[in-house]
Structure formats: C-alpha cells, structure tokens
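Notes to accompany the following structure.
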Amino acid sequence: MLEATESRPDLALLRSHLCARMDEMFDALLPLPDAPQARLYRAIRHATIGGGKRLRPLLVLLSGNLFRVTEESALRAGLAVEAIHAHSLIHDDLPCMDDDDLRRGRPTVHRAFDEATAILAGDSLLALAFGVLADPRTHPDAAIRSELVVTLSRASGAGGMAGGQMIDMRSTSLELDLAGVTQLQRLKTGALLAWSIDAGAILGRASDVNRRRLADYAACLGLIFQIADDLLDHEGEEAKAGKRIGKDAAAGKQTFVSLLGAEGARQQARRLLAEAVSHLAPFGAEAALLSDVAEFALTRDH
Ligand code: GRG
C-alpha cells in the first residue's frame, strides 16, 4: 500500500486504499452466522464496515513505515484500534451517554437495532481488538504482542479514553477551564490517536528517543484533531459531518471554541500544527505523510 515511489504518495489515495482494506478485513473477520446471534453480527458490521476516515489505522501504517514494519502487522494493529474506536462510538451514541441518532451519515447502532444489541456490539468489538493483537499473525514475537495489548488496554480504559468520557459526562457541572478541557481531550480523543502512532513504533522496535519524538507529535495531533472537531461542531455542516452538530454548546459543555473563540481556536491549532511538524524533523522526508495527516486533521470537513 505504501510502496516506495520517487514522488510522495498522495494521502487521499492512500486513505481510500486503506478504507477498502479495513472494510475487507472486518468483512472477513465477521461472517454472518446462520444462528440466533446473527443480529449481533449485523450490528457490528453496521458499525465497522463502509464508514469512517480510518485515521487511526492510517497512523499505525505511517508510523510503522518509518521502522519498516510489515503491512500485515500494521493493518492488524490498525484494525484493532479501529475496533476499539467503533466500540467507543457505539457506546457514546447510546441514550445514557450522548443520545445520538446519526453517525457517519447513517442511523446509530441502537437506532438501527436496539439498545441491548448496541451494548453487546460495543462489548464484542472491545474483545475483538485484543484477540486480534494477541494473535501471532500480528507479530511473531510474543513480547511485542504483549506490549501492544498492555498499552492499548491503558489507552482505552479508565486511565485513558473511558476516563476521558467520564470527565466529559461530568463536564457541564465541572465548568472546566482550558487546562481541564485539554486534559479531558488528551484522554478521550488523544489516547487512542497516540496509541496508534506508538503501535507502529512498538511493532518496529523503535528506540525510546524515537518513540518520545512520535509521542510529542501525537500530543499535538490529538489536540489539533479535537480543535477541528470543536470547530466543525460550531460551524460545520451536518450533511458533511454525517452526525448532529452543535450538541456540545447546547449541553453547555466547555470546548476549545467556547473557551478561545473560533478564531483563537484556529490560531492555536495552527501553532500546534507547526509544533507537530517540528517533532517529525529528525525523521526527514520519510515522515512527510505524517505531516500531511496533521494538516488533514485540521482542514478536514468531516
Ligand atoms: C463509551 C468507553 C466509551 C468511550 C466513549 C472516545 C469516546 C468515549 C467516544 C467517541 C465519541 C466522540 C465524539 C469522541 C470525540 C472524538 C471524535 C471526534 C471521534 C470521532 O472520530 P473520527 O472523526 O470518526 O475519527 P470516524 O467516523 O471518521 O471514524
């Protein structure tokens, strides 16, 4: 997918190949059984096939490429993080959380099926992710597979994404300031993005110093991504976003836009973009696509 070419590969083209590969891989992993639980499989397939920007697998692929990781290893780690991401979206959309009816331009899982099926679909995806990582096809070295499992468990659990969601659920009453919103988003959104970048480095046995450089890039990327999300929620178009917008403001939640203003948030994102690119400098031209991803995270329209 990322063959060496004279010119820099196009990020949009790469993403479209990756979207197709992710769809094929989820399809192969989730054949519909001729059994009473087929409804659960249909719900999981609804949440995983045919949608999403696939940003997290893209990050695994690009980071892994810096350390000559095989495509199969990177794609399998990418599928694992995408499964956790899909789990989080299904549960986040439930009536007890954000109560959303639209996701990726389609009905949310609990609307297309029902709440119990949506909870089970989310649970199944969480389990699927760790099974994929622990499978020897992801990497022949058990120590590497174990590190992937341990780090993804931290990134997605109470000390990471789920913890961030807990702060988010309480954020209206907490009246967070900029440091508080930054910490919330570092956990809720940033932890999985950071894991995606670290996964490529883990698979490629990168040095501690290179892992640190990529972690610094990831910290900036997570904030850029969230600021863009807040801007889209503030001034984007529902049809393009494929989800309801303006919900955070309606719920009285603090966001980067409510705290900095739209122009202030945009300026902050541009500063973070320059910083993100500076952390990639030691990797030279090989990291050009990671710079492109940071720019895409800011300029995207969905
Ligand atoms: C319920 C355990 C649990 C966690 C929920 C991360 C999270 C916590 C919920 C996800 C919902 C959400 C709106 C998160 C903010 C991050 C964000 C903008 C997610 C959407 O990610 P994209 O834009 O989505 O990468 P696509 O559809 O492109 O995959």
For the residue pair residue 302 and residue 134, what label-to-label distance in nm results when each label sits 7 Å from Cα along the Cα-to-beta-carbon direction? 3.6 nm
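At 4 °C and 1.567 mPa s, grab the translational diffusion coefficient of region 1-97 from Stokes-Einstein with a Kirkwood Rh over Cα pairs, rounded to a whole number in µm² per second. Each step should come with its number before you reach the end.
Working: Rh = 14.7 Å.
Answer, rounded: 88 µm²/s.
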Filter the chain for me: DSSP H helices, axial length by Cα at least 27 angstrom, mean Kyte-Doolittle hydropathy not below 0.0. List them by residue number. 71-92, 115-134, 256-280
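In debye, nearest 20: dipole of region 11-299 around its Cα centre with unit charges on the Cβ of K, R (+) and D, E (-)?
Numbers: 32 positive and 37 negative charges, 93 e Å.
Dipole magnitude for region 11-299 comes out near 440 debye.
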Taking the square root of 5λ for each eigenvalue of the C-alpha gyration tensor of region 46-96, the equivalent ellipsoid has semi-axes, largest first and in whole angstrom, of 26, 9, 8
Taking a ≥ b ≥ c as the square roots of the eigenvalues of the Cα gyration tensor of region 28-181, is the shape rounded (a/c under 1.5), prolate (a/b larger than b/c) or oblate? oblate
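Among 164-177, 99-112, 48-61, what's the highest-first ranking by average C-beta atoms within 10 angstrom per residue? Before the final figure, lay out the partial values.
Working: 164-177: 15.6, 99-112: 18.2, 48-61: 22.6.
My ranking of the peptides, most packed first, is 48-61, 99-112, 164-177.
Ordered by packing density, taken as the mean number of other Cβ atoms within 10 Å over each peptide's residues, highest first, how do 122-130, 73-81, 234-242, 36-44 rank? Before the final figure, lay out each step's value.
Numbers: 122-130: 19.3, 73-81: 26.1, 234-242: 14.1, 36-44: 16.0.
The densest-packed peptide leads the list: 73-81, 122-130, 36-44, 234-242.
What is region 95-179's relative contact order, in percent, from Cα pairs under 8 angstrom and six or more apart in sequence? Could you put the intermediate results ahead of the total?
Values: 30 pairs, mean separation 10.9, N = 85.
This gives 13 percent for region 95-179.
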Distance in nm between pseudo-label sites at residue 97 and residue 12 (7 Å out along the Cβ direction from Cα): 3.2 nm
In whole angstrom, how far apart do the alpha carbon centroids of region 179-242 and region 53-129 sit? 15 Å
Expressed to one decimal in nm², the mean projection of the alpha carbon convex hull of region 11-299 is 14.3 nm²
Under a plain spin-label model, where a point goes 7 Å from the Cα along Cα-to-Cβ, how far apart in nm are residue 174 and residue 207? 3.8 nm
Given charges at Cβ of Lys, Arg, Asp, Glu: the chain dipole, positive-most of 87, 165, 74: 74
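Read-outs throughout are calculated quantities, based only on the coordinates presented, and are distinct from any laboratory measurement. Remember, it's a predicted structure, so these values are computed and weren't measured experimentally. Backbone-built Cβ (ideal geometry, glycine too); neighbour counts: all protein chains shown.
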